[in-house]
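Accompanying notes for the structure given below.
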């Protein structure tokens, strides 16, 4: 869950960050992220040390829906 939250909020995640956040081995973290990418939640970019994960199509659909429903903030100091 932390991987999905991180990508939803910051739009980018590296394996090392996920591995440390969840106290996982390098192999387990890599497998988890590969599985999330295979299921469309994440999309991987780059190779080996430069690889990072960003929203995949399933995550992007949720982000787009959330953005469409967000009401703009209004300035409480302005009338009207």
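What residue, among those in the stretch 32-55 that are in a loop (DSSP other than H, G, I, E, B) and on the phi > 0 side of the Ramachandran plot, is modelled with the highest pLDDT? By that ranking, first place goes to 40. Within the stretch 37-46, being in contact (Cβ under 8 Å) with a residue 12 or more places away in the chain and closer than 12 Å to residue 14 by Cβ holds for one residue alone: 42. When restricted to residues that are over 18 Å from residue 49 (Cβ atoms), touching a residue at least 24 places away in the same chain (Cβ under 8 Å) and outside any helix (DSSP H, G or I), the stretch 6-31 contains 1. In the stretch 47-74, the residue that is surrounded by the most Cβ atoms within 10 Å (Cβ to Cβ) out of those that are closer than 16 Å to residue 4 by Cβ and either touching a strand residue (DSSP E or B) at 6+ places or on another chain (Cβ under 7 Å) or in contact (Cβ under 8 Å) with a residue 24 or more places away in the chain (or both) is 53. Can you give me the number of residues within the stretch 20-46 that are more than 17 Å from residue 6 (Cα to Cα) and touching a strand residue (DSSP E or B) at 6+ places or on another chain (Cβ under 9 Å)? Result for the stretch 20-46: 1.
The values are calculated or read from the model by the stated rules, or taken from the named source; none is laboratory data. Keep in mind that this is a model prediction, so the values were computed, not measured. Ideal geometry is used to build each Cβ from the backbone, glycine not excepted, and the neighbour counts take in all protein chains shown.
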